[in-house]
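The values are calculated or read from the model by the stated rules, or taken from the named source; none is laboratory data. Please read these numbers as outputs of a predicted model, since none were measured by experiment. Ideal geometry is used to build each Cβ from the backbone, glycine not excepted, and the neighbour counts take in all protein chains shown. SASA here: full protein model, heavy atoms, side chains in, ligands and nucleic acids out. Shrake-Rupley method; radii C 1.70, N 1.55, O 1.52, S 1.80 Å.
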Amino acid sequence: MASDPDHELPALSAFERDRYRRHLILPGVGSEGQQRLKAARVLVVGAGGLGSPVALYLAAAGVGTLGLVDHDVVDLTNLQRQLLHGTRDVGRSKLASAGDRLHDVNPHVQVVSHDCWLTSANALEIMRGYDVVVDGTDNFATRYLVNDACVLLGIPNVYGSVFRFDGQASVFATPDGPCYRCLHPEPPPPDMVPNCAEGGVLGVLPGLVGTIQATETLKLLLGLGDTLAGRLLMIDAVGMEFRTVRLTRDSSCPACGTRTLTQLIDYDQFCGTPGCTPMPTHV
């Protein structure tokens, strides 16, 4: 995502130039690229297992504005994988814990806290104005919600998921690429796919997938290389195997194909989980 050439990029201070020295000497980044990162706005949905490495690395890289969506508190069981938070944070709001940690990583980054669950009623308002949305959620209803809102707003959706020893990553909702609905036109039956709380997850796996999501986000912001748009990266941590499957836009997809989906729907009902509490946003 190259910056608007007519938009003046923010200057880097001498302190920032020293901080990002290793970026400034990189071909494809340099001063202009670092200024693009400083001007960028990225929304991370979920301050949990995937959101932790995403937010930490984007903050360290100098992304100027990081939005975080979460409405949970830190639980002791989170600490096996959610590295934004520490033992002393148990019982605290995840957004408060994450804000403190990210400001320590990089005080130049503005952290915008959205202390709520993402819903059909607020998703478009929250996501509007961001350059990239990173999906760090752990349930199908919220994934469809994030996808559809990204398609409607024209914002790339950097997707990741983990379960037990397996992970996936892709980039959806780019101008020419497929969206999440092209991969999963229909959600699975609600009793067929347990979440991480029910099935478990290797603690390091969200770090691996989240780091890939952070990498894809930086590439989108810098207009660098080939992203995972049109590809699904699948990770088997036990066999330590990575394979990529090609994805194409489904011309019959109601979101990015026929464009018949023009507003957000009831995603609990769509996924067969009516009457659920507001959707959690962490892995």
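In terms of the Cα gyration tensor, with a ≥ b ≥ c the square roots of its eigenvalues, is the stretch 1-115 rounded because a/c is under 1.5, prolate because a/b exceeds b/c, or oblate? Prolate is the answer for the stretch 1-115, as a/c is 1.5 or above and a/b outweighs b/c. Kirkwood radius and radius of gyration were both taken over the C-alpha atoms of the stretch 66-123, and their ratio Rg/Rh is 0.99.
A 1.4 Å probe over all protein chains sorts 208, 228 by accessible area into 208, 228, starting with the largest. Of the residues 218, 182, 51, the one whose Cα sits farthest toward the positive end of the charge dipole of the chain, with +1 on the Cβ of Lys and Arg and -1 on the Cβ of Asp and Glu, is 218.
Carbon and sulfur: what percent of the chain's accessible surface (1.4 Å probe)? Ligands and nucleic acids excluded, carbon and sulfur reach 53 percent.
Using heavy atoms of the protein chains and a probe of 1.4 Å, the accessible area assigned to residue 140 is about 40 Å². Shown are 186, 216, 32, whose ranking by accessible area with a 1.4 Å probe and every protein chain present, most to least, is 186, 32, 216.
Over the stretch 78-125, calculate the relative contact order: mean separation of alpha carbon pairs under 8 Å at least 6 apart, over the residue count, as a percent.
It rounds to 24 percent for the stretch 78-125.
With distances taken between every two different alpha-carbon atoms, the chain has a Kirkwood hydrodynamic radius of 19.0 Å.
Accessible surface comparison of 261, 83, 224, probe 1.4 Å, protein chains only, largest first: the order is 83, 224, 261. Solvent exposure of residue 103, expressed as accessible area, is near 90 Å², computed with a probe of 1.4 Å over the protein chains only. Taking every DSSP bridge with both residues inside the chain, close to 45 percent are antiparallel. Counting heavy atoms of the protein chains alone, residue 191 has an accessible area of about 130 Å² for a 1.4 Å probe.
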